[in-house]
Amino acid sequence: MGALKLMKIEALILKRSPLGEHDRLVTVLSRDQGKKRVVARGAGKMVSKLSGLIQPYDRVQLDLWRGRTLDGIRGGEVLESFRGLRDDFKRIIYAACMAEVGEQLAQEENPDEPLYLLLLTCFRGLLRLKKMDLVLLFFIIRAMKVAGFLPAFETCSRCGAHFRGDVQFDLASGQVICLECSEGRGRMGLESASRVLLQSLRGVHPRELNTISCDPQRCRQLRETMLDFAEYHLSRPVKSRRFLDILD
Amino acid sequence: MARSLVEAKQRVQHCSICGNLTDADPCEICGDEDRDCSTICVLGDSSDVVAMEKTREYHGRYHVLGGVLSPMDGIGPEELRIGELLERLRDGKVREVIVATDPTVEGEATALYLARLLNPLGIKVTRIARGLPEGGDLDYADDATLVRALEGRRVMETDS
């Protein structure tokens with residue numbers, strides 16, 4: 001019998017779901033190995049030490065054993081607890097929405113440190129800031145940028161003209177088009193103030209998110225537009241999206 | 001064996017009042033006049049009713065939601081028996097709703113959602129305590145459980 005192969009990973013817990021009666025299938029976004037699905041044996045039992053280690057949104061270090069199909073959790077430690085995200089209904093929903101988009105954008109065993117750091121920053125932002133809609137908007141814009149869809153908000157992607165008034169957002173390209181160039185489907189109207197807000201969110205440092213002002217109505221509209229943008233490229237609905245409507 | 005399975009499938013149903021699995025409608029608990037009707041314990045699954053009944057400490061009524069809210073799986077309030085719970089609370093007899101969903105993020109989301117929904121109705125909503133298991137060793141407890149146990153600490157009162 002060969003020696004048990006072990007490894008350590010640093011990861012954010014995205015999701016855990018039942019696997020059999022007592023085991024849990026845990027989806028994590030690791031810093032070095034991208035998205036991973038690992039098994040936590042016996043984590044469904046009240047006395048299991050692993051159950052506290054695989055709480056959603058926590059930053060953890062996991063000791064894994066190599067399995068034939070799935071790796072398993074042997075132990076580890078919580079590096080940064082995001083308990084505050086699990087104790088507040090609003091924060092649970094926003095964190096779930098980010099975790100779901102992050103999970104869909106990440107690829108299995110494909111290292112994606114920028115996405116990992118972005119999600120970590122946004123979880124911290126959700127804990128710290130009251131403007132959760134802005135944190136979600138920031139996350140989606142940056143996550144789509146990390147995934148290769150760079151939304152541009154400064155000039156018309158067709159004619160290059162600088163914008164003066166209302167514009168259209170093209171879901172397919174993630175570009176903004178002036179009304180003169182606008183034609184066809186898959187485009188959503190953007191008021192001038194909304195475009196300016198998206199533009200500032202694209203360049204802002206996460207620490208400065210609190211300095212950006214946005215009325216709740218505009219934030220909600222932009223949130224819907226950006227989620228449409230994400231869904232278009234993910235080719236699947238963001239399931240947690242309907243919970244945001246409950247909060248509204 | 002096969003006949004028993006078919007019979008079980010035919011006879012077992014959800015109680016029209018609490019949603020628990022039963023072979024008679026209403027179930028034994030809902031039909032028991034001696035149980036306290038001013039308290040409802042809300043649970044995720046029927047198996048949780050068995051666990052609660054084994055304690056022999058709770059003498060109120062139950063309400064089984066048939067799951068818990070799960071944003072990432074798209075399981076919302078419409079998929080659970082939350083409307084039926086509101087219906088049961090309408091007559092004003094219930095003074096306390098104890099939310100005893102699992103101590104997971106989904107269970108917590110369900111409890112917080114119910115609190116948001118029921119507090120404006122003037123109904124006391126309580127959540128079961130979380131912390132160390134009875135008879136367990138402290139040094140074997142994980143950090144998250146220990147933090148919960150610390151948060152839920154109580155003043156020790158003596159007779160003298």
- prompt: Normalised by the residues of chain B, what does the relative contact order come to in percent, with Cα pairs under 8 Å and at least six apart?
  reply: 17 percent
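Taking only the Cα atoms of the stretch A:53-206, how large is their convex hull per residue, in Å³?
137 Å³
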- prompt: Per residue of the protein assembly as shown, what 222 nm ellipticity follows from adding -39500 (n - 2.57) for every DSSP H run with n ≥ 4, rounded to the nearest 500?
  reply: -11000 deg cm²/dmol
- request: At a Cα cut-off below 12 Å, give the aspartates and glutamates reachable from residue A:5, other chains included and same-chain residues fewer than 8 away excluded.
  value: A:63, A:71
statement: Computed over the stretch A:1-128, the relative contact order (Cα-Cα under 8 Å, seq sep at least six) in percent reads 27 percent
field: Centre separation in Å (Cα based) which lies between the stretch B:61-91 and the stretch A:48-84
entry: 30 Å
- request: Output the direction-averaged projected area (hull surface divided by four) of the convex hull of the alpha-carbon atoms of the stretch A:1-130, in nm².
  value: 8.3 nm²
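Work out the P(r) tail for the protein assembly as shown: percent of alpha carbon pairs separated by more than 30 Å, whole number.
It works out to 51 percent of all Cα pairs.
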task: Against the globular-protein guess of 2.2 N^0.38 Å, express the Cα radius of gyration of the stretch B:1-86 as a ratio, rounded to two decimals.
output: 1.19
query: Taking the alpha-carbon set of the stretch A:124-225, what are its Rg and Dmax in Å?
result: 13.6, 42
message: On C-alpha positions alone, give me the angle between the axis of helix A:113-128 and the longest principal axis of chain A, in degrees, nearest 10.
response: 80 degrees
message: Taking the Kirkwood radius as the inverse of the mean 1/r across Cα pairs, report the Rg/Rh of the stretch B:43-160.
response: 1.00
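Taking the highest mean first, how do the peptides B:27-36, A:99-108 order by number of other beta carbon atoms within 10 angstrom per residue?
In decreasing order of mean packing, B:27-36, A:99-108 become A:99-108, B:27-36.
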field: For residue B:62, residues with placed amide H under 5 Å, excluding near neighbours
entry: B:41
task: For the stretch A:10-82, just list the percent of Cα-Cα distances falling in each 10 Å bin from zero outward, please.
output: 23, 61, 16, 0
message: Restricting to bridges with both residues inside the stretch B:9-160, how much of the DSSP beta-bridge set is antiparallel, in percent to the nearest 5?
response: 20 percent
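Relative contact order, percent, of chain A when contacts are C-alpha pairs under 8 Å separated by at least 6 residues?
On the way: 433 pairs, mean separation 37.9, N = 248.
Once divided by the residue count of chain A, the mean separation gives 15 percent.
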task: Give the dimensionless ratio obtained when the Cα radius of gyration of the stretch A:59-140 is divided by 2.2 N^0.38 Å.
output: 1.21
- prompt: Over the stretch B:41-101, one equal point on each Cα, no solvent: what is log10 I(q)/I(0) by the Debye formula at q = 0.17, 0.19, 0.21, 0.22 Å⁻¹?
  reply: -0.61, -0.74, -0.87, -0.93
query: Using a Gaussian network model of chain A with C-alpha springs under 10 Å, which one of A:71, A:63, A:215 is most mobile by mean-square fluctuation?
result: A:215
task: Just report the Cα centroid separation between the stretch A:103-169 and the stretch A:170-239, whole Å.
output: 9 Å
query: Around residue A:7, what is the net charge, scoring Lys/Arg as +1 and Asp/Glu as -1 over all other residues with Cβ under 9 Å from its Cβ?
result: +1
query: Do any GluC sites (Glu not before Pro) in the stretch B:42-149 lie in a DSSP loop with no more than 16 other beta carbon atoms within 10 Å, and if so, which?
result: B:57, B:134
query: Magnitude of the Cβ-charge dipole of the stretch B:21-160, K/R +1 and D/E -1, about the Cα centre, nearest 20 debye?
result: 640 debye
message: Amide H of residue B:126 versus every other amide H placed in the peptide plane: which residues, excluding those fewer than 5 positions away on the same chain, fall under 5 Å?
response: B:97, B:98, B:99
- line: Relative to chain A, whose Cα atoms define the longest principal axis, helix A:192-203 and its Cα axis are tilted in degrees, nearest 10, by 40 degrees
field: Viscosity 1.306 mPa s, temperature 10 °C, Stokes-Einstein D of the stretch B:106-160 from Kirkwood C-alpha radius, µm²/s
entry: 115 µm²/s
query: Please report, for the Cα atoms of the stretch A:141-188, the Rg to one decimal and the Dmax as a whole number; what are they, in angstrom?
result: 10.6, 30
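Any read-out appearing in this document is the output of simple, stated calculations on the displayed coordinates, not a laboratory observation. If you're wondering where the values come from, they're calculated on a predicted model, not measured in any experiment. We place every Cβ from the backbone using ideal geometry, glycine too, and count neighbours over all the protein chains shown.
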